[in-house]
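Just below is one structure, and these are the notes that go with it.
What follows is calculated from the coordinates using simple rules that are stated; it is not laboratory data. Model, not experiment: these values are computed from the prediction. Here Cβ is always computed from backbone atoms with ideal geometry, including for glycine, and neighbour counts include all displayed protein chains.
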Amino acid sequence: MEQKIYILLEKKNRILCSIIDLLVLNKEFTDIAFISRYLKLNCRSVQRYVNDLLNIVTLCNQEKSYKIILEYHKFKGVRLDLSGYSLDDLKHYMIKNDLTINIFLDLIYSRMSTVQSYSQKHFLTENLVRKSIKKISVFTKDFDVKTNATAPFFDGEEENIRLLFYVFLWNLYKNSPWPFKYIDELKVCQSIDLFSKEADVLFSPIHKKQFSYFIAINNLRFYKHYYIEKKVEWDNYVKIEDVNIEYYLKNVSQKCININEDELFFFLLVIQTKSKFYISESLKERIVNYHKRKDSDVYNLTNLCLKTFTEMFFDVPLESKEFVFVYLFSTNLYCRIFKNIGLDIEGYSLMPDSKYHRKLLEKISLFLNYLYKITRDPMFLNKELLIPKYYMIISFFKNTIEYEEPIEISLSSDLPILIRAQLKKDIYAKFSTSFNINFLDSLECRRVPDIILTNFQKLYSCQNTCPIAYPLTEYNIKMIETSISKVVESRFHNI
């Protein structure tokens, strides 16, 4: 999500963030030429950006009383010492004056009525404001929300809009002071404590802060007269009679806002989408039993998912079935509440690299296609969200590489037998987490290997060979990885 927020930034701020990310990786000086190659910029441009960063660090130290050190010497390079402060402290100071970020915040806080009046008030051209809104619209598209240059500026399901605001503000301010000027943080936290006690759920400091942001955003939208409208099926998800409405509306909710029943439904549903809260046995039983009693679509689909998963992949161990059920149950409910969103509730997209997991990802995709075919439920079309979820389940129990087509390798050399055995162990340890490697017996002539590792390349000039030495050099490792990648790519293109 951080990289997606970077895209919103002005070009200069985006490059400065990239320089900071690079500098924190090295406690020593980083050469300007290295930064130049990394950013694909000429050295003179990099020097100019480093000087801009020096000015920002100086201002940041003056305004915030920080002691961040940025050293720049012509022949040594650049060194950044955060002096105990977090990377986010410096970045947040830098991007707080970014034009597009500020326009996005003003849209969220309803501080813009028209583009014309806004541009006049802030001494900007209308064209510049519209250009920023266009950049914002690319970001909001991931949440199935359209951003317009006229009011209402955000067009989409209210649930999705609130998730969008939460993800953006959480990732922007999670390590910063409370960003909601007119909402009392203490009262919101007191509300969470009251709910925690009533629901018998223990919140970690991070989860408590996350929910305080979500409550604040709900309040913000409610105050601006953007309301949640309860869906008919929500009655099958939340037994509102079990919730002491009088207690919540007069005690918990009034600590921060006088919410209505629809808002309370939404808040309780968001809690159900977080698998973490099912650690509370009483809460888990209350939620799942109610869904079961109401024969809810989410409950039935979760059972179907688990049954089909067992048929197409493997039996989930008995001691883990409840855990997997809850994981899928909360995921399916999330898909029901926040439609067509490929990010999870924290804004993470966890899609694994298709380069290494092509066969498994294809199988999960076929699994979801089958579920859609027998149910016609559009939820299963949200592969961007669901494929990573099922991948994580599989990786929890299995080595995901086992689903990939084996890369058959033969080791042919004049090295002693124990050295050859050690080489196989070293190569397997290096690449087995990314590729399904299978070493063939060098005497087995019936099967043609995909790659031959040898120190006699001329003897195998017509085959795919790779130079080998003991111990393995960086060059050997790089060549082996390149050869394996070529085999994988050729198989993909031959499909």
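Its Cα centre serving as origin, the chain has a Cβ charge dipole (Lys and Arg +1, Asp and Glu -1) of approximately 1380 debye. Set against the 2.2 N^0.38 Å expectation for a compact globular protein, the stretch 99-156 has a Cα radius of gyration ratio of 1.02. Phi-derived couplings, Karplus 6.51 cos²θ - 1.76 cosθ + 1.60 at θ = phi - 60°, listed residue by residue for the stretch 145-158: 10, 9, 9, 10, 8, 10, 6, x, 6, 10, 10, x, 4, 4 Hz, with x used for Gly and Pro. Counting only Cβ charges, +1 for Lys and Arg and -1 for Asp and Glu, the dipole size of the stretch 405-493 around its Cα centre is about 60 debye.
Normalising by residue count, the stretch 297-388 has a Cα convex hull of 102 Å³ per residue. Taking 0.36 nm per residue of separation and subtracting the current Cα-Cα distance, fully stretching the chain between residue 27 and residue 208 would add 61.8 nm. Just so you know, the averaged projected area of the alpha carbon convex hull for the stretch 405-493 sits at 5.8 nm². What does the charge add up to near residue 21, with Lys and Arg as +1, Asp and Glu as -1, over the other residues with Cβ less than 10 Å from its Cβ? Taking every other residue near residue 21 into account, the sum is 0.
Per residue, the convex hull spanned by the alpha carbons of the stretch 185-400 comes to 133 Å³. The region of the chain that goes longest without hitting one of the GluC sites (Glu not before Pro) in a DSSP loop, each with at most 12 other Cβ atoms within 10 Å, is 230-443. Residue 34 sits among other residues whose Cβ lies under 13 Å from its own Cβ, and their net charge, with Lys and Arg +1 and Asp and Glu -1, is +2. Taking all Cα-Cα distances within the stretch 342-492, those exceeding 19 Å account for 60%. For the stretch 378-467, trypsin sites (Lys or Arg not before Pro) are listed when DSSP marks them as loop and at most 16 other Cβ atoms sit within 10 Å of their Cβ; the list is 398, 446, 447. Based on the Stokes-Einstein relation at 20 °C and a viscosity of 1.002 mPa s, and on the Kirkwood radius from alpha carbon pairs, the stretch 1-47 is assigned a translational diffusion coefficient of 190 µm²/s.
Per the Debye calculation on the stretch 39-136 with a single equal scatterer at every Cα and no solvent contribution, log₁₀ I(q)/I(0) for q = 0.14, 0.15 Å⁻¹ amounts to -0.72, -0.79. Given a cut-off of 20 Å, what percent of all Cα-Cα pairs of the stretch 42-200 lie beyond it? When every Cα pair of the stretch 42-200 is considered, 65 percent fall beyond 20 Å. In summary, the lysines within cross-link reach of residue 4, defined as a Cα separation below 18 angstrom excluding same-chain residues under 8 places away, comprise 12, 91, 96, 131, 134, 135, 141, 146, 174. Modelled spin-label separation between residue 353 and residue 109, with each label point placed 7 Å from Cα along the Cα-to-Cβ direction: 4.1 nm. The dipole here belongs to the stretch 185-400: it is taken about the Cα centre, uses +1 on the Cβ of Lys and Arg and -1 on the Cβ of Asp and Glu, and is about 560 debye. Considering only the Cα atoms of the stretch 152-224, their convex hull presents on average a projected area of 5.5 nm². Length gained on full extension, residue 7 to residue 155, computed as 0.36 nm times the residue gap minus the Cα-Cα distance: 51.2 nm.
When the alpha carbon gyration tensor of the stretch 2-90 is reduced to an equivalent ellipsoid, its three semi-axes come out at 19, 17, 12 angstrom, largest first. Near residue 454: Cβ cut-off under 14 Å, other residues only, Lys/Arg at +1 and Asp/Glu at -1. The net charge is +1. The calculated 222 nm mean residue ellipticity attributable to helices in the chain amounts to -17500 deg cm²/dmol, summing -39500 (n - 2.57) over DSSP H runs of n ≥ 4 and dividing by all residues. Shown here for the stretch 54-111: trypsin sites (Lys or Arg not before Pro) in loop regions (DSSP other than H, G, I, E, B) with at most 11 other Cβ atoms within 10 Å, namely 67, 74. The convex hull drawn around the Cα atoms of the chain, when projected onto a plane and averaged over every direction, covers 30.4 nm².
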